[in-house]
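What follows is a short report on a single structure.
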Amino acid sequence: MKKNRKKVLKVIIACISLIIILVAGYEIKEKIRINKIVKSHKTEQSNIVKSKGRNNSQHITTAVQQIMIGTMSNNYDNALQTLLNIKNAGYDSIELNDFMIHKSSILVKLMTKFSGMPIGNGGKLDWPKLIKESGLKVVSLHSNLGSIEKDAKAIAVEAKKFGTDTVVITGMYKFDYSSLDDVEELVQSLNQAGKALSEEGIHLLYHNHNVELQKVTPDKTAYDIIIEKTDPAYVNFEFDSYWMADGGANVPALMEKLGSRMKLWHINDRGHTKSGPYMTPILKENATELGYGNMDLDTLSAIAIKNGVEGVILETHKNWVDNDPIKSIQVSAGYMQEKFGGQENEVQKDNATEPF
């Protein structure tokens, strides 16, 4: 019996050791890959393209969502170089996530990694210093409803520290969007949170995914209820058109319904991933760089501009050109500058590599 226990123990120890070796090897390989990507895009601060029109009330801010550069933020130097590349590509700002600018638990890191949105080690870095050195602005701060309800003033202070007056709620976990009662309760919570933040000089926006498209009455979705019953004085919207297209919604109609309440727009394009021989005509849908997919972004851009959108934020989680988020950001910059730009110097085509 003792011999069997020793054998089992040896097997367990061997398995644990193998896992540790594999994880360590992966981390080393990933670090080398990230360092290589950042080095290939090395940008000096003196080369940064400066924006014009910041004093123009009609200027539309262009930004990148921080989740895109989670893997590039494995240390301070790489994070700074990545931010400089974002600035040099012609973007004005970055949109921060509170779970990426503070130390995150192993659970959060694993959850984001398995969902295809790894956050890296950015939580250990000095983001106020990084933002200042990069020359980027912060268009908004993503947070969560629970944190705002717990201490709205603390969230407001954090936002102001980064020079933004906008906080965005995203990700209502363990919430039933198919229940009218639950959605109406959410609306009340949003109005209260928005009011609390407004008293601190902060605007609250709600960010959608596709789950809001569930019907809560025969003719209304959860998103319809959220739009109709939130108070515009306290709650407005950051509209994600990719998620709504993914859910089969009439995206232009939704944008028109939001009208001027759509303060920020999460932009993405929807293409396909080519995998193996085409045995059938069905392709796997996936995100792609702006202008290279099948979404009618021109129509959506026209609606957004007409309704006075204040900022347009690029966000893709994967399927980047050469698995390189910086290159993907640069490619999409061409479309962003064409539709929403206003730069002293146009971004060079050499800086925006074609994805195909």
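Looking across the range 237-256 at every residue that is among the acidic types (Asp, Glu) and open to solvent by less than 10 Å² (accessible area, probe 1.4 Å), the one that is nearest to Asn294 (Cα to Cα) is identified as Asp240. Would you pick out the residues in the range 192-213 that are surrounded by fewer than 19 Cβ atoms within 10 Å (Cβ to Cβ) and more than 24 Å from Val251 (Cα to Cα)? Once the filter is applied, which keeps residues that are surrounded by fewer than 19 Cβ atoms within 10 Å (Cβ to Cβ) and more than 24 Å from Val251 (Cα to Cα), the range 192-213 yields Gln192, Lys195, Ser198, Glu199, Glu200, Gly201. Within the range 149-158, not a single residue is open to solvent by less than 60 Å² (accessible area, probe 1.4 Å) and either closer than 22 Å to Glu315 by Cα or modelled with pLDDT under 95 (or both). Where strands (runs of 3 or more DSSP E) fall entirely within the range 202-313, those with at least 3 residues that are at pLDDT 95 or above are at 203-207, 215-217, 235-240, 262-267.
Only residues that are within 19 Å of the chain's Cα centre (by Cα) and not in a helix (DSSP H, G or I) were counted in the range 123-138, giving 4. Just the residues that are hydrophobic (A, V, I, L, M, F, W, C) and under 25 Å from Asp92 (Cα atoms), please, taken from the range 161-196. Those that are hydrophobic (A, V, I, L, M, F, W, C) and under 25 Å from Asp92 (Cα atoms): Phe162, Val167, Val168, Ile169. Out of curiosity, is Ser143 within 23 Å of Ile226 (Cβ to Cβ), within 19 Å of the chain's Cα centre (by Cα) and of a type in the set (S, T, N, Q)? So Ser143 passes the test. Here the range 164-174 is the region considered, the condition is being surrounded by 15 or more Cβ atoms within 10 Å (Cβ to Cβ) and either at pLDDT below 95 or among the hydrophobic types (A, V, I, L, M, F, W, C) (or both), and the residue that is farthest from Gly311 (Cα to Cα) is Met172. Residues considered: Thr288, Thr316, Thr299. Of these, the only one that is at negative phi and either open to solvent by 40 Å² or more (accessible area, probe 1.4 Å) or of a type in the set (A, V, I, L, M, F, W, C) (or both) is Thr299.
Within the range 139-185, track down each residue that is assigned to a helix (DSSP H, G or I) and either in contact (Cβ under 8 Å) with a residue 60 or more places away in the chain or within 20 Å of Met68 (Cβ to Cβ) (or both). Residue satisfying the conditions is Glu158 alone. Scanning the range 114-134 for residues that are modelled with pLDDT of 85 or more and either basic (Lys, Arg) or open to solvent by 70 Å² or more (accessible area, probe 1.4 Å) (or both) turns up Lys124, Asp126, Lys129, Lys132.
The values are calculated or read from the model by the stated rules, or taken from the named source; none is laboratory data. As the structure is a prediction and not an experimental result, all values here were calculated from the model. Note: ideal-geometry Cβ built from the backbone for every residue, glycine included; neighbour counts use all protein chains shown. Note: accessible area is taken over every heavy atom of the protein model, side chains too, but ligands, DNA and RNA are not part of it. Shrake-Rupley method; radii C 1.70, N 1.55, O 1.52, S 1.80 Å.
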